[in-house]
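A.B. asks: Quick one: structure below, then a few questions.
Rule-based calculations on the coordinates, nothing more; no lab input. A quick note: this is a predicted structure, and the numbers were derived from the prediction, not measured. Every residue, glycine as well, gets a Cβ built from its backbone with ideal geometry; the counts of neighbours run over all protein chains shown.
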Amino acid sequence: MKTSIRSHRDGLCRLRPPDLSGERGVALVIVLLIVAILVSLVTHFTYGARVELALAGQTLDLMNADHLLLSGYQLGVQVLQRDSNEYDASTELWGRTDLLAAGVSMLSETGTVLGEITDEDAKINLNMLVDDLGKIQEYEEEQLRRLFDILELDQAPVETLFDWLDGDDLVRPGGAESLYYNREKPPYACANGPLETLNQLRLVKGWTHELLFGTDQKKGLMPFLTLHNDGRININTASAEVLRSLDDAIDGALALEIVSFRESEPFKTKRDLKNVPGMTDQLYARILSRITVQSNHFSIRIRAGQGTANVNLSAVVKRSGGLVAPVYWRLGS
């Protein structure tokens, strides 16, 4: 399945840190990255100063906010590129929201920049539910149904999602194809193919705002879903809910044991999972091909403000061979 880069003025991405010991070493890396970015900003701000008299204040604010936004993104990319560990955990620099926020705030004395990097390999990829021929994959279907059960959600939307993703116009029991969507106002067709963005789920019958984002009583699905990974789950970063979705034998107690174990020391290899109390050889063998301790897909979210202008970026990046490249890009205000 090919992943394409998308860009439009509406705002996502992710990065990776070096293996450092101690807050002092982490702070030094942040400072060095900031210095490099500030040097590159000199040209931008010099240009801004030259055109200031010719532009309205709001336009100049927007230009400077955009510069801060992209600089924050570059900081995230550099953090990920400098991560040399053979495992990824939220205790690393990319997962330290407090340090990233402190770092990007150094980019401007008058503007504001907020940044966050999250692991897309900690989530369930909905586009893996069907293969390239549009055939539903048995394990991935079971995994999604387990997640619905764990969150105590009605299973009906699972059927409509399969009809949206599969390659035919046959209506599954409880599903919906183009005949249903053509009666909507305005009418539209069933995709019968992969999702392009998670927001597209709102077009699928039964995938309501409450289902995706939750209510006061229940969690929503959105924090556990992605469209950007190879289907394997990083056991260092996955939530307890996603860990439980891997197999029926992983109950709430075992999921919490896994989370507790990795908090003391991240899993450096998949085999380390066997040291968790309650993890049997049989269970480990069943999920071995479904898990990883490394991540290659990250989301980067940056918000920047300058004067009256506020902008945001939402990107997903893929890390490969030491390089970090965007696969999804959305700008907004």
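A.B. asks: On a full-extension model of 0.36 nm per residue, what is the gain between Glu184 and Asp169, subtracting their alpha-carbon distance, rounded to one decimal in nm?
C.D. replies: 3.7 nm
A.B. asks: How high is the relative contact order of segment 108-235, given as a whole-number percent (alpha carbon pairs under 8 Å, six or more residues apart)?
C.D. replies: 33 percent
A.B. asks: Find out how many positive minus negative residues lie around Ala176, taking Lys and Arg as positive, Asp and Glu as negative, among other residues whose Cβ is under 9 Å from that of Ala176.
C.D. replies: -1
A.B. asks: I've got another one for you. Can you list the HN-Hα couplings for segment 197-210, worked out from phi with the Karplus curve (6.51, -1.76, 1.60; θ = phi - 60°), rounded to whole Hz and with x for Gly and Pro?
C.D. replies: 9, 5, 4, 5, 4, 5, 7, 7, 3, x, 8, 7, 4, 5
A.B. asks: Please list, by residue number, every one of the chymotrypsin sites (Phe, Trp or Tyr not before Pro) in segment 170-236 that is coil in DSSP and has at most 14 other beta-carbon atoms within 10 Å. Intermediate values should be presented prior to the final figure.
C.D. replies: Working: sites: Tyr180, Tyr181, Tyr188, Trp207, Phe213, Phe224; in loops: Tyr188, Trp207.
Those satisfying the criteria are Tyr188.
A.B. asks: Within segment 106-215, which GluC sites (Glu not before Pro) sit in a loop by DSSP and count at most 10 neighbouring Cβ atoms inside 10 Å?
C.D. replies: Glu109, Glu152, Glu184
A.B. asks: What does the net charge come to around Asp216 if you take all other residues with beta carbon closer than 15 Å to its beta carbon, with K and R at +1 and D and E at -1? Walk me through the numbers before you get to the answer.
C.D. replies: Numbers: positive: Lys218, Lys219; negative: Glu152, Glu210.
Counting the neighbours of Asp216, the net charge comes to 0.
A.B. asks: Another question, then. Within the set of other residues whose C-beta is less than 12 Å from the C-beta of Ala304, count the net charge using Lys and Arg as +1 and Asp and Glu as -1.
C.D. replies: Result for the neighbourhood of Ala304: 0.
A.B. asks: With labels modelled as points extended 7 Å from the Cα through the Cβ direction, what inter-label distance (nm, one decimal) is found for Met106 paired with Gln81?
C.D. replies: A separation of 1.8 nm, rounded to one decimal place.
A.B. asks: What lysines sit close enough to Lys135 to cross-link, taking a C-alpha to C-alpha distance under 17 Å and skipping anything fewer than 8 places away on the same chain?
C.D. replies: Candidates past the 8-residue exclusion: Lys2.
A.B. asks: Please sort by residue number the trypsin sites (Lys or Arg not before Pro) in segment 97-201 whose DSSP state is loop and whose Cβ has at most 15 other Cβ atoms within 10 Å.
C.D. replies: Passing sites in segment 97-201 are Lys135, Arg183.
A.B. asks: Give me the distance between the Cα centres of segment 254-274 and segment 137-207, rounded to whole Å.
C.D. replies: Cα centroid of segment 254-274 versus Cα centroid of segment 137-207: 34 Å apart.
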